[in-house]
Structures are given as structure tokens and as C-alpha cells.
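These notes concern the structure reproduced below.
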Amino acid sequence: MRGETMLLLIVTVLSVFPLSVRAGKRSEERRHGKFPRFIPTEHNVSASSGGEALLPCAVDGLTGRYTVIWMKHKGEIPNPLFVGVDQVTSDERFRLIHEGSVGTAWNLQLSPVKVSDEGFYECQVNTEKPMRHKVFLHVPPYVYLDPTEVIMEQGSALTLQCNGSHSPLEWYKDGAKIDTSGSGAVITAFVQEGERAYSQLIIDRLRIRDAGTYVCRGGGIARSATVHVLTEKAPEAVKSAACTPLPTITAIFLLSTRWLQGMKS
């Protein structure tokens, strides 16, 4: 019985000894400034879809005993991207920017950025209680509409092109959603290049009532285009607006306004 007690005591001492050594080692490292610490950097980064994002992380006092790990959080499950300088993810859009063995920068570069990349990223040092530096990447939605202003003759064909980061893209005219069943308009919508959405609004033969403000909306973002439709009796100087590039559009619009005022008088 006494032998068993002695054996248990030896096992206990051996199991506790490495912990006390590690604790002493950590205390010594802290006293001599060798324990890793994060150098203050940004916690919020914004990047446009299709652009480039640089997520900063800087670690001072990083010895060979410790490793920097970059990961992305998807819900509660972390997705490792880099362990040290070794890339773990198969997504080639990610790149580690590090200055070498003596460098403090461990920045994560992402290009091209997608809307789905938005979220929290974590730069971690594998100390006994992991050190964590979180960075939130914000990717705002976007909508582009082209052209934004046109002056065309009655009977001409009109095409408006809308590109956005969210699908579906919806079309409105003068505040009301366009109903293609009786409006004479055709809307084509398709998704291409991953997340980017594309849509066209086409009117084969413009009528006077087709003039107005058209809006393309998606992801909570809206962009507008103003369409002017001229009758066949409009003077030649006004008709030439359809072939005149911006930025002379303002002068032509004023000319058409004066012509309409003259018609009323």
C-alpha cells in the first residue's frame, strides 16, 4: 500500500513539474519583454467588391516557440487560412504579407474581394491562452446604371444596363415597379462572374409616355437614369442630343426646355 502511495506521488510531481517550468518560463519571458504582444492596428477595414483588401496584424516579441495563425469565422466555425507562412486555404485570392523572420507585420491580403467575404477575420498567436486580434471586413453593396441620362427621338430603341452586387435587380419608373406585361419594356436579367448581377431594360420603340426617371435597385442600393423623349417636330438642334456625348447634355436639355416653353406659348 505504501509503495502504491509513493508511486502515485511521483507521478503527480512529474505531471505538475512541466507545468511549473512552463509557467516560470512564461513569467521570465514577460519580465524580459520576450512574450508576444500585438502592436495596435485597425480593427475595421472596408473594401469594394472586385477590389483589394489588406487586413493588418502586427506582432512584437514573436519567438520561434510561437506561430501566427490567420483564420476567417463562418458562424461559430473558424476556417484556417494561414499557419505561419504556410497557406492552408485553397482560395488563391488570399496572400500573406510578411517581412521575414524579424518582421512584425503579418498582414492578410485579399484580391479580388467578393461581397461574401464580409465578416470577421482573426489573427491569432498560439500562446497557452491564444492571443486574438480580430478584424472586420466590410464590403458594401453597389449598383451601377448606364447611361444615367439620355435624350432620344420617339420611335428609337432604348437600352439601360444595370450591374450590381446583389441579385435580383429590380426596375422602377417614376416610383412604380415596372410591369413588363403592358409597358412595352423588356427586362433581361442574368448573373455572371460569380456574385455580380447584370440586368438590361430594353424598349424597342420609345413613346412620349416612356419619358421619365428609371431606377435600378438591388441590395438596398438604387441608381437612377433620366430619359427624355422628343417628338418628330422637335428642332434639329434638339434632335441632335441623341448623338451628342455628355457633358454637353445640360446645354441641350436647356435648349429643349426653351423649345417646349415656346410650344406652350
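The values are calculated or read from the model by the stated rules, or taken from the named source; none is laboratory data. Everything numeric in this text was worked out from a predicted model, so none of it was measured. Here Cβ is always computed from backbone atoms with ideal geometry, including for glycine, and neighbour counts include all displayed protein chains. We work out accessible area using only protein heavy atoms, side chains counted, and drop any ligands, DNA or RNA first. Shrake-Rupley method; radii C 1.70, N 1.55, O 1.52, S 1.80 Å.
Quick one: putting +1 on the C-beta of Lys and Arg, -1 on the C-beta of Asp and Glu, what dipole do you get for segment 55-106 around its Cα centre, in Debye to the nearest 20?
Values: 5 positive and 6 negative charges, 16 e Å.
Computed charge dipole of segment 55-106: roughly 80 debye.
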> Convex hull volume of the Cα atoms in segment 68-122, per residue, in Å³?
Replying inline: 81 Å³
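Rounded to the nearest whole Å³, what is the per residue volume of the convex hull around the Cα atoms of segment 104-195? Before the final figure, lay out each step's value.
Details: hull volume 15.3 nm³, N = 92.
Convex hull volume per residue, Cα atoms: 166 Å³.
List the pairs from Lys114/Lys134; Lys74/Lys173; Lys74/Lys129 whose alpha-carbon separation is above 29 Å, in the order I gave them.
Working: Lys114/Lys134 19 Å; Lys74/Lys173 39 Å; Lys74/Lys129 22 Å.
Exceeds cut-off: Lys74/Lys173.
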>> I need the P(r) histogram for segment 96-158: all alpha carbon pairs, bin width 10 Å from 0 out to the longest distance, whole percents.
In response: 14, 28, 21, 12, 10, 8, 5, 1
> When all protein chains stay in place, what accessible area (Å², nearest 10, 1.4 Å probe) is found for Lys177?
Replying inline: 120 Å²
